[in-house]
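Reading through the structure tokens given below for one structure.
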């Protein structure tokens, strides 16, 4: 199911702390960066913090600029984004500022937490997710029921850690403040434990006063049949590559990217690349990688269209080329229609050979766009 774009936002000391142990909240950034955060808040549909952040910081989470609120209203949005929190226990103070400022609020909780919250007369919608908290169910509900397309997550460290570990964060906006905390029992941004492998991609780095803003996105593919945020980034790139294809009346326009397990891009390609009228996207990409490259065994192929299972132009269809290369994970946006081949089922060929096939239909429109001229064929 589609999820919102999940943006993690945090400020930390040089030694990785979110706060110190004093009674007052440690201000890690200054007025210029607070204004930037206000701008980001104004751009999103919802802001999420964990229950621990509400207890520790008692935040209001508002868009402070009247001009930005007016801009939201002019765009047909409420003046404030939806405010969201997560609590497994349902132990939340109804008097906290979170509930009494801004616009609508929603609490995601467990079945036990929901019983407690509904008895507390809390000024919010309460959504139970089951016996345990489930981040994927939460994000699906935000997208499908609340219409959230961009979600800003402002803490705390436990929430950030869980979203990163589960491959659900699309972007990390990290502000580094020029000071040290040093207290071993102060809250840190990220906790210990297993994370997705690979390096994050730096999207932006700039100074704001005396702090540095760094924007990153994950690159490591998901595992098995579970999609990660990085899977969505790579598939979006494959759909962009499809737009580079020379148009044809007898073949689809497709883009493909091959990505190693650690997030390294191995190759990319698109249909009819290099002037070859018969070249398929996956074929063009795989041809750029040395046969037997050990990284292929853990790699993922991203293709805007399901790899072909039948092919008249060359001996081996793309589904077989992928399997022969040793790749066992494919992410695609669009199942092949019967335009040229009746009953095409490249995904079935891959799955029967033991490969994991992930379909992200929210990218189907982007995959179909370069092929609109073929619509009348079927």
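Of the candidates 347, 313, the single residue that is assigned to a helix (DSSP H, G or I), closer than 18 Å to residue 282 by Cα and either at pLDDT 95 or above or out of contact with any helix residue (DSSP H, G or I) (no Cβ under 6 Å at 6 or more places or on another chain) (or both) is 347.
Residues in segment 256-282 that are crowded, with 24+ Cβ neighbours inside 10 Å and farther than 19 Å from residue 220 by Cα: 269, 270, 271, 280, 281, 282. Any idea which of 14, 26 is modelled with pLDDT under 95 and either touching a strand residue (DSSP E or B) at 6+ places or on another chain (Cβ under 9 Å) or within 17 Å of residue 153 (Cβ to Cβ) (or both)? Exactly one of 14, 26 is modelled with pLDDT under 95 and either touching a strand residue (DSSP E or B) at 6+ places or on another chain (Cβ under 9 Å) or within 17 Å of residue 153 (Cβ to Cβ) (or both), namely 26. Among the strands (runs of 3 or more DSSP E) confined to segment 62-150, the ones with at least 3 residues that are buried (at least 18 other Cβ atoms within 10 Å of the Cβ) and in contact (Cβ under 8 Å) with a residue 40 or more places away in the chain are located at 82-87. Annotation note: of 190, 180, the sole residue that is in a loop (DSSP other than H, G, I, E, B) and touching a helix residue (DSSP H, G or I) at 6+ places or on another chain (Cβ under 7 Å) is 190.
Residues in segment 251-303 that are part of a helix (DSSP H, G or I), more than 26 Å from residue 365 (Cα to Cα) and in contact with a helix residue (DSSP H, G or I) (Cβ under 8 Å, 6 or more places away or on another chain): 296 alone.
For every residue, the table says whether it meets (1) surrounded by fewer than 17 Cβ atoms within 10 Å (Cβ to Cβ); (2) not assigned by TED's automatic domain parsing to the domain that holds residue 259.
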position: 173; (1), (2): no, yes
position: 185; (1), (2): yes, yes
position: 206; (1), (2): yes, yes
position: 233; (1), (2): no, no
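Can you report the number of residues in segment 197-209 which are in a loop (DSSP other than H, G, I, E, B) and in contact with a helix residue (DSSP H, G or I) (Cβ under 7 Å, 6 or more places away or on another chain)?
Looking only at segment 197-209, we keep the residues that are in a loop (DSSP other than H, G, I, E, B), and these are 197-200, 209.
In the following step, the residues that additionally are in contact with a helix residue (DSSP H, G or I) (Cβ under 7 Å, 6 or more places away or on another chain) were identified as 209.
Going through segment 197-209 one residue at a time, the tally reaches 1.
Counting only residues that are surrounded by 14 or more Cβ atoms within 10 Å (Cβ to Cβ) and outside any strand (DSSP E or B), segment 210-228 holds 8 of them.
The values are calculated or read from the model by the stated rules, or taken from the named source; none is laboratory data. The shown structure was predicted, so the numbers you read here are calculated from the model rather than taken from an experiment. Don't worry about glycine lacking a Cβ; one is built from the backbone with ideal geometry, like all the others, and counts go over all protein chains shown.
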